[in-house]
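Structure record follows, encoded as structure tokens.
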Amino acid sequence: MIVTDRLILRPWRRSDIRPFYAMGQDREVMRFYGPRATMADCRRDHDRMTAIQRRYGHCFWALERRSDARFIGFCGLLPGGGPIDGEVEIGWRLARDQWGQGLALEAARASLAWSWKHLAVRSIAAVTVPANKRSRRLIERLGMVRAPEGDFEHPDLAAGDPLRSHLLYRIARPTHG
């Protein structure tokens, strides 16, 4: 568990599935992720995050607001796959009523700090679509740098799909001294 001024990043609970599903019904939240999530998708994601947490000690953790213990999304670290296989990816998604408060940045900074302390990695990657300007700004505020040689077309999406093109960013482990 990671605790910040306003948030708790923690392993997923079964009780997170319903608010996660509700978040996945918001067109704006899902705008850059594809179709709205089904309840089966949300259960599968819960089970996947739980299994990844058990295996690696981290995942895209459930994000809880400290003031009222409300589930508001997720943020954390996953073992990368596909074009970023062998790397660790940072990612987040928040309920729309939580946007614009700096919560994603707070959670992402805490996730990065955790990674440097607990993972033997040289860098962390982030992936987003070109049109997701909010996410790109957050990525850049974290100090991540675009790695255009790693940009890729999502293999599961058809040519012409507006979500097919992906941009790759990385941040190197801080050096001390």
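The values are calculated or read from the model by the stated rules, or taken from the named source; none is laboratory data. Everything numeric here is computed off the predicted structure, so don't read it as measured data. With ideal geometry, Cβ positions are generated from the backbone for all residues, glycine too; neighbour counts draw on all protein chains shown. Accessible surface areas use protein heavy atoms only, side chains included; no ligands, DNA or RNA. Shrake-Rupley method; radii C 1.70, N 1.55, O 1.52, S 1.80 Å.
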Ile90 among the hydrophobic types (A, V, I, L, M, F, W, C), in contact with a Leu (Cβ under 9 Å, 6 or more places away or on another chain) and open to solvent by less than 10 Å² (accessible area, probe 1.4 Å): yes
Looking only at the stretch 59-67, decide whether some residue is of a type outside the set (Gly, Ala, Ser), in a helix (DSSP H, G or I) and more than 29 Å from Arg164 (Cβ to Cβ). no
Have a look at Val129, Val145 and point out the one that is open to solvent by 30 Å² or more (accessible area, probe 1.4 Å) and either touching a Lys or Arg at 6+ places or on another chain (Cβ under 9 Å) or of a type in the set (Val, Ile, Thr) (or both). Val145
Show the residue pairs that are 6+ apart or on different chains and have beta-carbon atoms under 7 Å apart, the first residue being within the stretch 113-138 and in contact (Cβ under 8 Å) with a residue 40 or more places away in the chain and within 23 Å of Pro174 (Cα to Cα), the second being open to solvent by 50 Å² or more (accessible area, probe 1.4 Å) and assigned to a loop (DSSP other than H, G, I, E, B). Trp116/Arg173; Trp116/Pro174; Val121/Arg173; Arg122/Arg173; Ser123/Arg173
How many residues are closer than 24 Å to Glu106 by Cα, open to solvent by less than 60 Å² (accessible area, probe 1.4 Å) and not in a helix (DSSP H, G or I) when one looks only at the stretch 12-56? 4
Restricting attention to the stretch 152-163, which residues are open to solvent by 50 Å² or more (accessible area, probe 1.4 Å) and either within 17 Å of Gly91 (Cα to Cα) or under 18 Å from the mean Cα position of the chain (by Cα) (or both)? His154
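Can you find a residue that is in a helix (DSSP H, G or I), over 25 Å from Asp26 (Cα atoms) and in contact (Cβ under 8 Å) with a residue 24 or more places away in the chain anywhere in the stretch 92-108?
Among the residues of the stretch 92-108, not one is in a helix (DSSP H, G or I), over 25 Å from Asp26 (Cα atoms) and in contact (Cβ under 8 Å) with a residue 24 or more places away in the chain, which makes the answer no.
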Among the residues of the stretch 134-177, which ones are closer than 17 Å to Gly81 by Cα, in a loop (DSSP other than H, G, I, E, B) and in contact with a Phe, Trp or Tyr (Cβ under 7 Å, 6 or more places away or on another chain)? Ala147
